[in-house]
Amino acid sequence: QLDCTAAVLIIASALCVGDPRERPAEARATADLSHQRFRDERSDFVSYLNIWGQYRYQSRQRDRKALREWCRKRFLSHARLEEWREVHLQLSMMLRDLGAEGRPAAAASRRHAATQRKDAAGSRSERRDDDAGGRDTRTDEQEHAPSMASGVAYDYARVHRALLAGLLRQIGHRTTEKSYTGLRDVLFQLSRGSGQYHRLPKWVVAAEFVETERRYAHCVGAVRTKWIERAAHGLIRRTYFDAHWDQRRAEAMVFEQSALYGLVLNPRRRVRYAPIDRAGAREVMIRAGLMEGGLHSPAPFLEHNRELVRSLREMEARMRRPELLRDDQALYDFYDARIPDNVVDGKSFEGWWRRLGPAAVQGLRLRDTDLLLAAAPVFSESSFPEALQLADALLPLRYRFRPGAEDDGVTVSVPVEGLGQLDERQLQWHVPGMRQEKVLALLRALPKSIRRRLGPAPDAAAEFLERHMPDSDDGELAPAGSPSLVQALSTWLAHRFDVHLPDDLWTDEHLARILPEHLRVRIVVLGENGEQLTASRDLAALRERFDVRGDARGRDAAAKDAPGQPADEHRHWAFGELPRSERVARGDAEIWLYPTLLDTGHGVRRIDVDSAASAQRIAQAGLLRLFLLGARLNLDKLARRLPQALELFWLENLIEPHPLWSPDAEADPSLAVDALWLAARRAFGPDLERIRDEAAFAAALERGLQRFDTEVERAVTSVLEIGRRFKALKTALQADELPPAYRENVEDMREQLAWLVFRGFVRSLSEAELLALPRYLEAMQRRLDKLLQGGARDGEKLKSVRPLWERYLSRARAHRAQGREDAALNHYRWMMEEYRVSVFAQEQGTATRVSRQRLDRLWASIAA
């Protein structure tokens, strides 16, 4: 059958007479060296062919005496070689009588070329698990190519397949470094005389086993498992496991394990499932192909069904109601009842549905009632929005109902550049559809003594949300500037039940302990290519990790650390038009960044920030730097030439850093330079917001230069007035003769003064705030004068002011630590200054109407 009779006949006759190679004890090493010429790198059986070919050739070239000498020098037994030849002759005659005389190997190769190429193509995938020698890289074509063993033609693969038919019980698989396992768990090793002893093929067939203290295999050849499987076809036991869907092939596949008498030949071969189990393959197609989307098909009903299932599961996840949908078995039963038994893969599926009529195709479309356990609930898209709409971002929301899982609940995806745009106040309100549950959880976490005063918690939660549900647009969790959920709830409890909760009751740490994970929005931070960098439910921790600060000064400071190269620095307008905003997409998330010009001290650099307000603040300094460079104005030199330079120098030495934040490390501490900077801001400032290109910049530069000298005089006068008032107050408040009884009053005034005039105040404060400073300092002087004249009511007034200021300090420190920017809180801070004027210097008058009630209402709008 394999057309290798000639070669196998030589090997079989050799096995009958025994090994002709001799290894005398006194010359064993020399004999082994001589026998190396006959060895084959893969098989000891081929060594017999090598010996046979050499001996036959020499017997034709030499006389009997010379032939014996040739055998002696090569440590071959002439007697056994002759016996071998005699046995071979007898076997050949027997085969001739039976009509089974072998053809030459080369002819056999041509006869079976087509068959072998087919076998090779069908089994290349098996080579990875089936390497006969562990290092043999021959292809199947090379295995079947005719070879010559000292003149004897043979086909290695066919010869060893033929040998396997008779030596099947003597196969083995290498399981340890030198040990082999055979059929029925028989253990053996290769004999030292074998040519494969050092090579240790992965699979071998042996001519015989010899047992001493161990079992040794003699005369072995490397084989492949597919040859063994063909030889033992009827004896192979096959088991199947891990049926799965192959999306590329559009059919079910399964892993096959083949074993022969307990010896595993192939532990994991991937084969088609349908020929083995059509019903099982059909089930895999329905579940993995149709239900899970693994089968790509243009069938219209299939796309409709998948979209319906997706929308219903999305509704189930958003509403967190697992009782809405039937389990997957209902969907399987739907397809199982309609798809014929002979449809088992993508090809048969396409052929089946395309032959159906319109009515039959329509019957394959799912309806809500096929999957819902009860009537569909009222589902509002606005209660569970698909995206979070911010002023400068549109961020996708993903819903998962996986209690205990890391991504359970609502997840918002945000690019790292837009992390500063997220507002903890909005996130705390959560999506509208989950607010009732969240408020209920907050109320139930209150002390029992408080809960008793509220009545039934569900009723209290419903009443609160009815009165305080934020009036937000689609996609907004709460309008910008809204108080946080816990602040609104605390205020409502105080008004409705006269329950006053401590400001520090609902800290972020406390909320993390009392609220289930799904009631806190999960934040996924996206990288430059839309990949997930990290995820957390703690916004403050994420901001700290990525060095993102949400307050104004923090954003400006972060901008100064933005990446860039010295080559990016410009000393004149050479960067084209400066757009107001740019859209950036990361996956499904969209944010708007704001290009601006960053002052580097020696020039400007174009950067992108996540806030229009920050962009405007940063651009103000950047544009002023360009103006100064364009006008060739050196503020340091000009400051030294000011007539008031010395007085400004002494004043700046009295000014201390801000109590809450420090000025930028690169900020110039010179009060004279700051005064000139103020002059430049006033001279060029009116046009800053309109400057977006080089032409507008050049026109503004020309107009600003005309105003600069006038503004210098005005700015120096303003700064000197503030500095002189500050010096007078600071000196008076540090005087030793101040009565000890007024210590608390004096400390309050010292603190107020430090918040009004601090290092860098000229550049940090807005124009309106700077213009108001002299009024506030004058009011402080009036208060101090009254105090020194024995103003007994100052302490009483302080008691009414101090709580309002303390709550600001507490909130300001918290916002600073969390990186928040809150315009309402800043407005409250300056309204407090007006309130101090009305309380301590009423005769001076205020710039706007202010009262305790107005401050309380303003405070209610500020986020916790």
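Taking segment 807-855 only, how many residues are of a type in the set (D, E, K, R) and modelled with pLDDT under 90?
Taking segment 807-855 and keeping what is of a type in the set (D, E, K, R), we get 807, 811, 813, 816, 820-822, 829, 833-834, 836, 843, 849, 852, 854.
Narrowing the set further to residues that are modelled with pLDDT under 90 leaves 811, 813, 816, 820-822.
The total comes to 6.
Which residues, taken from segment 711-764, are closer than 21 Å to ALA645 by Cα and basic (Lys, Arg)?
Of everything in segment 711-764, those that are closer than 21 Å to ALA645 by Cα and basic (Lys, Arg) turn out to be ARG714, ARG724, ARG725, LYS727, LYS730, ARG759, ARG763.
Would you point out which residue out of ASP345, ASP408 is surrounded by 15 or more Cβ atoms within 10 Å (Cβ to Cβ) and closer than 27 Å to ALA535 by Cβ? Can you show your working first?
Working: ASP345 fails: closer than 27 Å to ALA535 by Cβ.
Unique residue meeting the criteria: ASP408.
Do we find that GLU141 is at pLDDT below 55, surrounded by fewer than 22 Cβ atoms within 10 Å (Cβ to Cβ) and either on the phi < 0 side of the Ramachandran plot or of a type in the set (D, E, K, R) (or both) in this structure?
Values: at pLDDT below 55: yes; surrounded by fewer than 22 Cβ atoms within 10 Å (Cβ to Cβ): yes; either on the phi < 0 side of the Ramachandran plot or of a type in the set (D, E, K, R) (or both): yes.
The answer is yes for GLU141.
If ARG692 satisfies all but one of (1) within 30 Å of HIS570 (Cβ to Cβ); (2) part of a helix (DSSP H, G or I), what's the number of the condition it fails?
(2)
I'd like the full set of residues that are surrounded by 21 or more Cβ atoms within 10 Å (Cβ to Cβ) and in a helix (DSSP H, G or I), limited to segment 277-301. Lay out the reasoning, then the answer.
Within segment 277-301, the subset surrounded by 21 or more Cβ atoms within 10 Å (Cβ to Cβ) is 281-282, 284-286, 289-290, 295.
Within segment 277-301, ALA281, ARG282, VAL284, MET285, ILE286, GLY289, LEU290 meet the criteria.
Considering each of ARG310, ARG270 in turn, give the residue that is within 30 Å of SER348 (Cα to Cα), surrounded by fewer than 15 Cβ atoms within 10 Å (Cβ to Cβ) and touching a residue at least 40 places away in the same chain (Cβ under 8 Å).
Details: ARG310 fails: touching a residue at least 40 places away in the same chain (Cβ under 8 Å).
Going through ARG310, ARG270 in turn, the sole match is ARG270.
Of (1) loosely packed, with under 14 Cβ neighbours inside 10 Å; (2) under 19 Å from PHE726 (Cβ atoms), LEU773 satisfies all except one. Which?
(1)
Tally the residues that are without any contact (Cβ under 8 Å) to a residue 60 or more places away in the chain and in a helix (DSSP H, G or I), restricting the search to segment 429-446.
8
Please state which of the following conditions SER43 fails to meet, knowing it meets all the rest: (1) small (Gly, Ala, Ser); (2) surrounded by fewer than 21 Cβ atoms within 10 Å (Cβ to Cβ); (3) modelled with pLDDT of 90 or more.
For SER43, the exception is condition (2).
Residue-by-condition table, conditions (1) surrounded by 12 or more Cβ atoms within 10 Å (Cβ to Cβ); (2) modelled with pLDDT under 90:
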| residue | (1), (2) |
| --- | --- |
| ASP3 | yes, yes |
| VAL8 | yes, no |
| ALA12 | yes, no |
| SER47 | yes, no |
| LYS65 | no, no |
| LYS73 | no, no |
| ARG85 | yes, no |
| GLU101 | yes, yes |
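Restricting to segment 806-830, what's the tally of residues that are more than 26 Å from LEU542 (Cα to Cα) and surrounded by fewer than 19 Cβ atoms within 10 Å (Cβ to Cβ)? Working first, answer last.
Filtering segment 806-830 for residues more than 26 Å from LEU542 (Cα to Cα) gives 806-807, 827-830.
Then keep just the ones that are surrounded by fewer than 19 Cβ atoms within 10 Å (Cβ to Cβ); that gives 806-807, 827, 829-830.
Of the residues in segment 806-830, 5 are more than 26 Å from LEU542 (Cα to Cα) and surrounded by fewer than 19 Cβ atoms within 10 Å (Cβ to Cβ).
Just checking, how many residues over segment 780-800 are in contact with an Asp or Glu (Cβ under 8 Å, 6 or more places away or on another chain) and among the hydrophobic types (A, V, I, L, M, F, W, C)?
Here is the first cut: in segment 780-800, the ones in contact with an Asp or Glu (Cβ under 8 Å, 6 or more places away or on another chain) are 782-783, 786-787, 795, 798.
Then drop every residue that is not among the hydrophobic types (A, V, I, L, M, F, W, C), which leaves 787, 798.
So the count comes out to 2.
Kindly indicate whether ARG318 is under 32 Å from the mean Cα position of the chain (by Cα), among the basic types (Lys, Arg), in a helix (DSSP H, G or I) and farther than 24 Å from GLU251 by Cα. Quick ask: steps written out before the conclusion?
On the way: under 32 Å from the mean Cα position of the chain (by Cα): yes; among the basic types (Lys, Arg): yes; in a helix (DSSP H, G or I): yes; farther than 24 Å from GLU251 by Cα: yes.
Here the answer is yes, as ARG318 does meet what is asked.
Within segment 839-847, does at least one residue satisfy the condition of being crowded, with 17+ Cβ neighbours inside 10 Å, farther than 26 Å from ALA715 by Cα, touching a Lys or Arg at 6+ places or on another chain (Cβ under 6 Å) and among the aromatic types (Phe, Trp, Tyr)?
Yes, segment 839-847 contains a residue that is crowded, with 17+ Cβ neighbours inside 10 Å, farther than 26 Å from ALA715 by Cα, touching a Lys or Arg at 6+ places or on another chain (Cβ under 6 Å) and among the aromatic types (Phe, Trp, Tyr).
Which residues, taken from segment 223-269, are touching a His at 6+ places or on another chain (Cβ under 9 Å) and assigned to a strand (DSSP E or B)? Don't jump to the end; show me each part of the working.
At the first step, the residues of segment 223-269 found to be touching a His at 6+ places or on another chain (Cβ under 9 Å) are 223-225, 227, 247, 250, 252-255, 263-265.
ALA252, MET253, VAL254, PHE255, LEU263, VAL264, LEU265 - these are the residues of segment 223-269 that are touching a His at 6+ places or on another chain (Cβ under 9 Å) and assigned to a strand (DSSP E or B).
Report, by residue number, each residue of segment 397-434 that is basic (Lys, Arg) and modelled with pLDDT of 90 or more. Before you say what the answer is, go through the steps one by one.
As a first pass, look at segment 397-434 and keep what is basic (Lys, Arg): 398, 400, 402, 425.
ARG398, ARG400 - these are the residues of segment 397-434 that are basic (Lys, Arg) and modelled with pLDDT of 90 or more.
Residues in segment 792-799: is at least one under 24 Å from LEU485 (Cβ atoms) and in contact with a helix residue (DSSP H, G or I) (Cβ under 8 Å, 6 or more places away or on another chain)?
Among the residues of segment 792-799, not one is under 24 Å from LEU485 (Cβ atoms) and in contact with a helix residue (DSSP H, G or I) (Cβ under 8 Å, 6 or more places away or on another chain), which makes the answer no.
Going through LEU187, LEU235, LEU183, LEU200 one at a time, which residue ends up being touching a Lys or Arg at 6+ places or on another chain (Cβ under 8 Å) and surrounded by fewer than 14 Cβ atoms within 10 Å (Cβ to Cβ)? Before you say what the answer is, go through the steps one by one.
Working: LEU235 fails: touching a Lys or Arg at 6+ places or on another chain (Cβ under 8 Å); LEU183 fails: surrounded by fewer than 14 Cβ atoms within 10 Å (Cβ to Cβ); LEU200 fails: surrounded by fewer than 14 Cβ atoms within 10 Å (Cβ to Cβ).
It is LEU187.
The values are calculated or read from the model by the stated rules, or taken from the named source; none is laboratory data. Since we're looking at a predicted model, the values are computed, not measured. Note that each Cβ is placed from the backbone with ideal geometry, even for glycine, and that neighbours are counted across all protein chains shown.
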